[in-house]
Each structure stands twice: as structure tokens, then as C-alpha cells.
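I have placed the structure first, in the form of C-alpha cells, so that the comments after it can refer back to it.
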Amino acid sequence: MSESSNPSPPTYHLPHERSKPNSRLRPQPGAKSVNIFDAYHGDFNDNSHHRDSDDADAPKLDELTKRLRIALEPYQMSYLRQQARKAGENPPPCVKTWSSTKKGYLPNCPSNGCVVYAEMDAAKAACEKIDDCGGITSIRDGSYEVRQGDTPEISEGESSWVLKDACKKRARAANVWEEFSSTLREALLDSSLNLDKSYGPPRKDDSIYLSVASYRDNTCPLTLRQAFERADHPSLLFVGIVQQNCLRDCMTGTGWGKTRAWVPGPPDTDCVNEFCSDPETKHYCDNSQVRILRLEEIQSYGPFFSRFLNSKLWRGETYYMQIDAHTEFRRGWDTSLVDQMKRTPSFPYSVISNYPPSGGPSIKRDWPASSSSERFPGALCGCRFEGAGGRHKTVRLLETGRRPGPNIDKRVPQRSAFVAAGFFIAHGSIVDNVPFDPFMPYLFMGEEIALSIRFWTSGYDIYGPAVDVLRHEYVRKESPKFWESVTMIFSNGMIHNRLTDLIIPRVQILLGFDEGAGDPSRIKPQSILTMADRYSVGTKRSVEDFVETMGFDLEKMIQRMPEW
């Protein structure tokens, strides 16, 4: 099949495939600092960076992330006011604003009762004067009642408006999720933001797009340098970075386990500024090979959402490669991976992935091209179920050692079961065929099983690499962790676990286990399934076949590694 088009993947790769439809239901539920998307051009010292100047219809990621930041600020006010005091600035005012229309009703009455008003404006004005008023609900006779709750519950024929009092909003998982998901949904449906812009079909020039999600990672510039310097064809490499940095009055992590501490630290390194200011690497920036979306620490919404933003920086390159910002490269890595991709039996509908060996870009050593004496790389054929935030479970992948038989061509990647989030490479068609799901904010677990089942059911076969070309820094003890930032920003020590527990069913329903198995209506709140049809499993192979092929027993919540 030609690479010149971006068709739906074929359905004939594996002999065990059956033309059985998916049984999983996919229901739908009824101004601050500007974020900059820079495609770097010209003199580095000129701060007037251009925004995709040759593409007026590029996705407006700065506007999307600005809307999310504004929407969530009422739940971050304690942190924001503390930061202002540290900087000797006036704290942000306690502004009262109102949400857009929400379906359903707000529960319970304020202390002075559910007073009824004939006009919406009168009801809103009254609510703003009541200490425990969460918003108003329009009841079926057309009047409006003040209500105590601030999270709508599903009902027919009723609508609500939530009061956002910036200095009274306590960050609860349900409120944060509802604000994030409703704001994101409105943005995705806003055609003026061009968030559905497609840059497919992929080019046929063997170019590679490197997707880098960088959360407060000072090794990011070293990762970029190695990627370009150790590539055989650096002119065909294009990088998209979603950077989430602390700019001032920063805290960082140190130690591990019982010795872990949250301590003051310096501002984070700007990945692109440092890379592009180096005379040895500046020309890659001048050639527009480095793209960046700059976010602040307060806009760290987790790896799922970062990967979604990364996918919007893809510009039609032949291959889509996802890594973390603390990755070491060997010489000739690009040639090796392109060769491996083309050797896979299902190319171009192939994904190569594993957990790379331990290492890191800050280790000063050369890593020459591979030799025939190297051990065969590990793959990802095993997994286990484990707790995720509270009452729910998720799937954690397990590295699998492999020893190919004497008749196996070691240059050809061998089949594997799962995809790692820290490294995979796929054909660029995957961006349009399997769009990244942005509705899993704040989750740190579940990304890999979600990628695996969505890629596979969309017709992409999964392989372990024939040669390791990356190393990955795994522990990073002397660095901040994403969940530590979430806890600090929302001034709530339990909010990350509670957000995980609330949102993880969106991952579970893909595989069909735990809450919502076979009955998505059981998932509460139903907003967890917002736009789930757009980001669900594929239609080329069934979930049942995935479960069988990868050895899952969902009733017992165990997995037996496939024999192949």
C-alpha cells in the first residue's frame, strides 16, 4: 500500500483477526500571561518570535491553553495570591464570574433556602451575596432558584450556571474536572481555533517528527542536542516541544521515599532558548526545525494532555516519534529506526516501542552505532493490574526479555503487545487515524494501555525494536514530580489522587474492566465520557480480539504473556 495517501489502516495483518464489531459503547454526555507557540526564525536575540507565520490556519494552541488557565484560576487562587506576595506584587482580585450554561441541576439549598426569582440576572445578583451559594438552576416553569451545590447533576429540562468566586472556590477534584472538561469541549468545538486542522497525508521523505513533552526538565536542551548531533540526517529531523516550566519563586524535589522533600529551587531552563543560543545548534532553529509551546508550571495538566498538544505541532513528517525530555541517543539512531520501520511486516501501519535501557543525555559518553554482538532488546509483552488513585485499578506494563531463535532475522523488529509512552515511533498517519485524547488531564498512569489498545484496534501492529537506539533517565530523584506541582498549585494534598480516581474510568472503559465494563452509564459523572466517541478504540480490530491476543483475563484481572 502506498505511503502517499493517509487511508484507514488495513484489516488483514494477523491471521487471528475476525470481522467482529466492537461491543464497547461510546456515549456522549448530553487574562493572564500569554502562552506562546513559537516556530523559531531569525536572530535568536530578537524576541518577536513568529507563530507559524507561513500557516495562518495553524491550531491556536495559545488560545486553547489560555482559556484553560483562566477557567481553572478560581481553584488556584490561594497559590496565586501566595506567589504574588512573594514577588511583592498586589494579589489577584477576588473576581466573581459565571460559567456558561450547564445541563442539569445544582443540588441542595443555601442556608437561607432555595429562593426563587423570575429573572436570571436577579437570581445571579442574589447568589453573589450569599456566602454558601454555588450557583443558580432554571426550573421547568422558567424561573430561577439559588442553589448551594456547584457541580451539576444530570436531569432533563433543567439548566444551571455556576458562580465562580475566585477567593472561595476550594479545589475539589469534581469541580476541577468539570471546569477543565467543559472549557476544553467548548474550545474543541470552536472552529475559529483550528484545533481539527490536519497536516496529512504524511510526506514521503523519511522525515521524523520528535514529540517532546518537557515538564520542568533541565536536561531538555541536552536531549535536543544529542537528537540532532547523533542523527545521520539532521536536516530531516523536526522537533515539537510542549514545555511546562517554573519561571520564578520555584520549588523542586529532592531525595526519595522517606527522605523526599519539597524545597526552594532556581527557575527552570528554557529548552529552546538554551539550544538555539548555542552557535553550534542555532542553525536548526534558523531552519524552523524546532517548534515550541511554552506553558507555565500552573498549566501542567499531565502527560495525556501534553501529548495531545504535541500532536498539534506535527506538520506532516513521515514518522511520528514520542519521547521524554530526558533521553539519550546513539549515533545513527534515525537511520536505524527508519530501516526498522520499513522492515516491519505491516509497514506503514506499524509502531515500534519498548522501555529503553537506563541512561540519560547528561552522561558524557559516546554511543556508537549498533553491532551484531549486542543483546536483543527487550519488548513489552507483560503487564499487571494495580491501584490507581483510590478505588480503581489500571494496567502497568512489564518489560519482557527476548531471545530470538536461530532462524529469526535479527534486523527485523519482532511482535510485541504494548506501547510505552516514553518511546515509540510510528508512521505519521497515526496522528489523524488515532487522535490523542485530551480529556485525561492530571493522570500519570494509564497512558500506555490506552495507547496500546487504541493503536492496535485502529490497525497498527506493535513491535519491539530490533536495536536499541535510545536510553532513558528513569528515577530523576533531584527533580520535581508532576503530582507535587498539582498538589501545590491547588493547595490540596489529596487532589492528585482524587483526580486520578475520578478520571481513570475513561481509561478502563477502553479495555472493558472495572467500573463501566459493558455499561458506560454506570460511570459517574457521565462527563468523564465527554467526546469519548472521538477518542475511543478503533474500528479495524475489536477490543475482544485485543483482550484475547494479549492474554487478558478481565474477570480475574490478570494477564498471561502471549506465546508468540
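The values are calculated or read from the model by the stated rules, or taken from the named source; none is laboratory data. A quick note: this is a predicted structure, and the numbers were derived from the prediction, not measured. A quick note on method: Cβ atoms are made from the backbone with ideal geometry, for glycine too, and the neighbour counts reach across all protein chains shown. Ligands, DNA and RNA are excluded from the accessible area calculation, which covers all protein heavy atoms including side chains. Shrake-Rupley method; radii C 1.70, N 1.55, O 1.52, S 1.80 Å.
Worth a mention:
- Qualifying GluC sites (Glu not before Pro) in region 416-507, DSSP loop, other Cβ atoms within 10 Å at most 14: Glu478
- Per residue Cα convex hull volume in Å³ - calculated over region 286-439: 169
- Residue-by-residue Karplus 3J(HN,Hα) for region 547-564, coefficients 6.51, -1.76, 1.60, Hz, glycine and proline x: 4, 5, 5, 8, x, 8, 10, 6, 5, 8, 6, 9, 9, 9, 4, x, 7, 7
- Tensor-based shape of region 301-364 (alpha-carbon gyration tensor, a/c under 1.5 rounded, otherwise prolate or oblate): oblate
- A Cα-only calculation for region 157-247 places Rg and Dmax at 20.4, 62 Å.
- A crude spin-label estimate for the pair Ser100 and Glu544, with each label 7 Å from Cα along the Cβ direction, gives 3.9 nm.
- Counting every alpha-carbon pair across region 488-564, the share separated by more than 15 Å comes to 64%.
- Partnerless Cys - the chain, beta-carbon criterion under 4.7 Å: Cys381, Cys383
- On a per residue basis, the convex hull of the C-alpha atoms belonging to region 356-473 measures out at 147 Å³.
- Mean ellipticity per residue at 222 nm, deg cm²/dmol - from DSSP H runs of n ≥ 4 across the chain, formula -39500 (n - 2.57): -7000 deg cm²/dmol
- Of the GluC sites (Glu not before Pro) in region 82-182, the ones in a loop by DSSP (not H, G, I, E or B) with at most 11 other beta carbons within 10 Å are Glu89, Glu119, Glu156.
- Solvent-accessible area, 1.4 Å probe, carbon plus sulfur percent, for the chain: 50
- Percent of C-alpha pairs per 5 Å bin in region 438-516, short distances first: 3, 11, 16, 17, 17, 16, 12, 6, 1, 0.
- Extension gain, Asp141 back to Leu189 (0.36 nm per residue minus Cα-Cα distance, nm): 14.2 nm
- One quarter of the surface of the convex hull around the alpha-carbon atoms of region 84-167 equals 6.2 nm², the direction-averaged projected area.
- Alpha carbon Rg of the chain, scaled by the compact-globule rule 2.2 N^0.38 Å: 1.00
- Pairs spanning more than 30 Å between alpha-carbon atoms, out of Lys66/Lys540; Lys103/Lys481; Lys197/Lys342; Lys197/Lys364; Lys66/Lys168: Lys66/Lys540; Lys103/Lys481; Lys197/Lys364.
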